[in-house]
Amino acid sequence: MTELKMETLTCRIESGIAHVRLTQAERGNPFDGPFCRDMCDLSVELSCRDDVRAVLLVADGRFFSVGGDIRSFVKDLSQLSRIVKSWTADVHMAITRFQRMNAPVICAVHGDVAGGAVSLVAMSDMVFAAEGVKFNAAFSMIGFCADSGSTISLTSRMGFSRAKRFLMLSEALEAKDALDVGLVDYVVPAAELNASAEKMAAKLAAGPTLAYGAIKRTMLSARYQGLEAQLEAEAQALAELASSEDAREGLTAFSQRRKPEFKGR
């Protein structure tokens with residue numbers, strides 16, 4: 001087992017799962033300079049480790065995350081543009097790495113989430129939410145546009161028009177409504193949230209990690225590539241996977257009518 005402790009989060013790596021926990025409960029786990037740096041550093045660490053086959057993201061406290069730290073914003077409004085560019089440089093790179101790494105990201109949302117944190121949740125590969133949790137767009141209500149990949153993650157999950165309405169009207173969606181529009185994948189009773197997310201993380205960690213990574217990356221490129229380029233990207237990714245131990249194990253196990261034992265190699 002490996003344990004990492006940072007200023008705003010902790011990470012415990014055990015049995016192929018990186019258990020990431022936001023720990024600024026008394027502040028609502030806000031997006032600020034330290035948090036954005038920690039997320040960037042964490043994304044480097046986890047994306048470079050072969051023993052990380054799934055990532056489970058949770059948070060302490062009443063809120064999952066309140067989003068951008070408004071108190072930091074108003075301390076010196078003349079520096080707001082500098083703050084935005086500095087923080088997004090780190091958190092945007094973190095989100096990019098998590099999107100492109102092989103290990104699937106599972107998020108368990110136990111409390112309300114707002115602003116850029118909604119995108120952090122939506123960028124996850126599987127999202128579990130407790131009943132009654134609210135997802136607040138929040139950007140336009142303070143005169144901001146969306147960041148943290150919201151224009152990508154929300155559009156992909158909710159559809160273009162629904163995501164635009166969510167952002168422009170600074171809507172708040174309860175978990176059941178978020179499920180209906182695709183913002184989350186599963187809604188469960190609060191008492192079952194952690195166990196449900198852990199079960200999914202364990203299932204994915206035992207799966208074909210290389211295939212998961214290829215699926216994630218080819219789904220990303222499908223958003224901007226033309227037909228011919230995307231088909232070739234799929235062919236190249238599949239050809240690369242075909243030489244992996246996991247692919248050979250998967251084919252052999254299927255032909256032998258047994259459960260495959262994937263190693264992420």
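The values are calculated or read from the model by the stated rules, or taken from the named source; none is laboratory data. Here the structure is a predicted model, which is why all the values come from computation and not from measurement. Virtual Cβ from ideal backbone geometry, glycine too; neighbours counted across all protein chains shown.
Would you mind finding the one in Asp177, Asp246 that is charged (D, E, K, R), outside any strand (DSSP E or B) and in contact (Cβ under 8 Å) with a residue 24 or more places away in the chain? Can you show your working first?
Numbers: Asp177 fails: in contact (Cβ under 8 Å) with a residue 24 or more places away in the chain.
One residue alone meets the criteria, Asp246.
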In segment 19-76, which residues are without any contact (Cβ under 8 Å) to a residue 60 or more places away in the chain, more than 22 Å from Asn102 (Cβ to Cβ) and of a type in the set (A, V, I, L, M)? Leu22, Ala25, Ala59, Val66, Val74
With the checklist (1) part of a helix (DSSP H, G or I); (2) on the phi > 0 side of the Ramachandran plot; (3) not charged (D, E, K, R) in hand, flag the one item Cys40 doesn't pass. (2)
Extreme residue, modelled with the lowest pLDDT, among residues of segment 58-71 that are out of contact with any Phe, Trp or Tyr (no Cβ under 9 Å at 6 or more places or on another chain) and either surrounded by 13 or more Cβ atoms within 10 Å (Cβ to Cβ) or of a type in the set (A, V, I, L, M, F, W, C) (or both): Ile70
Checked segment 249-265 for anything assigned to a loop (DSSP other than H, G, I, E, B) and farther than 21 Å from Lys203 by Cβ; matches are Gln256
Just wondering, is there one or more residues in segment 81-92 that are hydroxyl-bearing (Ser, Thr, Tyr), in a helix (DSSP H, G or I), closer than 22 Å to Gly264 by Cβ and assigned by TED's automatic domain parsing to the domain that holds Glu192? no
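Collect the residues in segment 125-145 that are of a type in the set (Gly, Ala, Ser) and touching an Asp or Glu at 6+ places or on another chain (Cβ under 9 Å), keeping them in residue-number order. Write out each step before concluding.
At the first step, the residues of segment 125-145 found to be of a type in the set (Gly, Ala, Ser) are 129-130, 132, 137-138, 140, 143.
Result: Ala129, Ala130, Gly132, Ala137.
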Are there any pairs, at least 6 apart or on different chains, whose C-beta atoms fall under 9 Å, with the first in segment 216-241 and closer than 25 Å to Leu204 by Cβ and without any contact (Cβ under 8 Å) to a residue 24 or more places away in the chain and the second assigned to a helix (DSSP H, G or I) and of a type in the set (Lys, Arg), and if so, which? Ala233/Arg217; Ala237/Arg217
From the list Ser140, Ser124, exactly one residue is among the polar types (S, T, N, Q) and at pLDDT below 95. Which is it? Ser140
Closer than 27 Å to Arg53 by Cβ, modelled with pLDDT under 95, surrounded by 16 or more Cβ atoms within 10 Å (Cβ to Cβ) and in the same structural domain as Gly16 (by TED's automatic domain parsing): which single residue out of Ser156, Ser196 fits that description? Ser156
Please go through segment 137-156 and pick out each residue that is in a helix (DSSP H, G or I) and closer than 14 Å to Val91 by Cα. Ser150
Testing Ile106 on (1) within 18 Å of Ala205 (Cβ to Cβ); (2) not in a strand (DSSP E or B); (3) not charged (D, E, K, R), one condition comes back false. Which one is that? (2)
Given the criterion part of a helix (DSSP H, G or I) and surrounded by fewer than 18 Cβ atoms within 10 Å (Cβ to Cβ), identify the matching residue among Ala201, Ala233, Ala237, Ala163. Ala233
